[in-house]
Amino acid sequence: MEELQTIFNEISEELTKANTVREKILTLSRLAIQKSSISIKHLHRGDIKTAEKLISENKDLIVEINELSNQMEQVRFGMILACNQEYAEAVFLHSFLTKTPFPNFTDLSIPYLGYIHGIADFVGELRRVVLDTLRNEGNIEIVVNSLDLMDDLYTLLLTIDFPDSLTYNLRKKTDFVRNLTERTRGDVTLALNRLQLVETFKDILNHKSQESDT
């Protein structure tokens, strides 16, 4: 769990940098739009010289905005988000089941957003592990470890508190993770109560069987 905390800290640092760039772009964009609007008004009024001055100033702004946007390439990959997060999800499940450390996003050579979205999707796989284990009356320790990890991952996802435009709606996914974790906890509680009742019932039957033998 400590390695994941470190990785999430790194991702937060990267998103903080991206958010700083984003806010600067938003400020410059508003200024560029304003200058464009004013220059158009001057053009309609026939004041070509003033309009040309504004357009020239605006060109410098647009160049700066586009250069800044190149620094945010990490968060502009909507078309390939799915394949990155699916790959990350598979790797996380493998790490959990084999009890090996979770790799960093740099180790996987994927963008950090693909990594954290993969983490969120991985919680769904943990729920599946829990339900399959309960259904087969398997090792309860796996159930407890899975549920604990679901809680831990939800807590980590909450630390990624950035605008949706930077995180591709991670907040919505985090809310889903919370609901999934709560449902799973409820399922585990019901299943353990049922198992306890079954064991109690078996004890009663064994006790009656012993009494009849005597």
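With respect to the stated conditions, GLU86 is in a helix (DSSP H, G or I), closer than 26 Å to ASN169 by Cα and not hydrophobic (A, V, I, L, M, F, W, C). Pairs meeting the criteria (first residue in region 128-140 and free of Cβ contacts under 8 Å to residues at least 60 places away in the same chain, second residue assigned to a helix (DSSP H, G or I) and of a type in the set (Ser, Thr, Tyr), beta carbons under 8 Å, at least 6 apart or on different chains) are VAL129/SER146; VAL130/SER146; VAL130/THR184; LEU131/THR184; THR133/SER146; ASN139/THR133; ILE140/THR133. Assessment of region 62-82 against the conditions (farther than 24 Å from PHE162 by Cβ and either part of a helix (DSSP H, G or I) or hydrophobic (A, V, I, L, M, F, W, C) (or both)) yields at least one matching residue.
Looking at region 156-169, is at least one residue under 18 Å from HIS94 (Cα atoms), buried (at least 20 other Cβ atoms within 10 Å of the Cβ) and at pLDDT 95 or above? Spell out the reasoning first.
Quick first cut of region 156-169, residues under 18 Å from HIS94 (Cα atoms) only: none.
The answer is no; no qualifying residue exists.
Only one entry in LEU54, LEU26, LEU81, LEU61 is within 30 Å of LEU126 (Cβ to Cβ) and either surrounded by fewer than 14 Cβ atoms within 10 Å (Cβ to Cβ) or of a type in the set (A, V, I, L, M, F, W, C) (or both), namely LEU81.
As a summary of the residue check, TYR112 satisfies the conditions (1) within 14 Å of the chain's Cα centre (by Cα); (2) surrounded by fewer than 17 Cβ atoms within 10 Å (Cβ to Cβ); (3) under 27 Å from GLU23 (Cβ atoms) except for the one numbered (2). Looking only at region 115-126, count how many residues are more than 12 Å from the chain's Cα centre (by Cα) and crowded, with 19+ Cβ neighbours inside 10 Å. Counting residues in region 115-126 that are more than 12 Å from the chain's Cα centre (by Cα) and crowded, with 19+ Cβ neighbours inside 10 Å gives 1. Applying the set (1) crowded, with 20+ Cβ neighbours inside 10 Å; (2) in contact with a Leu (Cβ under 7 Å, 6 or more places away or on another chain) to ARG185 leaves exactly one unmet item: (1).
Restricting the first member to region 31-44 and to residues that are within 13 Å of ILE65 (Cβ to Cβ), and the second to residues that are of a type outside the set (A, V, I, L, M, F, W, C), the beta-carbon pairs closer than 7 Å and six or more apart or on different chains are ALA32/ASN58; LYS35/GLU57; LYS35/ASN58; SER36/ASN58.
One line per residue, one yes/no per condition, for (1) among the β-branched types (Val, Ile, Thr); (2) out of contact with any helix residue (DSSP H, G or I) (no Cβ under 9 Å at 6 or more places or on another chain):
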{"position": "ILE48", "(1), (2)": "yes, no"}
{"position": "ALA51", "(1), (2)": "no, no"}
{"position": "GLN71", "(1), (2)": "no, no"}
{"position": "ILE80", "(1), (2)": "yes, no"}
{"position": "CYS83", "(1), (2)": "no, no"}
{"position": "GLU89", "(1), (2)": "no, no"}
{"position": "HIS94", "(1), (2)": "no, yes"}
{"position": "PRO103", "(1), (2)": "no, no"}
{"position": "TYR112", "(1), (2)": "no, no"}
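LEU158 satisfies every condition listed in (1) outside the structural domain of SER12 (by TED's automatic domain parsing); (2) farther than 16 Å from THR174 by Cβ; (3) free of Cβ contacts under 8 Å to residues at least 60 places away in the same chain except (2).
Among the residues of region 129-154, what is the count of those that are out of contact with any helix residue (DSSP H, G or I) (no Cβ under 9 Å at 6 or more places or on another chain) and either surrounded by 12 or more Cβ atoms within 10 Å (Cβ to Cβ) or part of a loop (DSSP other than H, G, I, E, B) (or both)? So the answer is 3.
The values are calculated or read from the model by the stated rules, or taken from the named source; none is laboratory data. Everything quoted here is computed from the prediction, not taken from an experiment. A quick note on method: Cβ atoms are made from the backbone with ideal geometry, for glycine too, and the neighbour counts reach across all protein chains shown.
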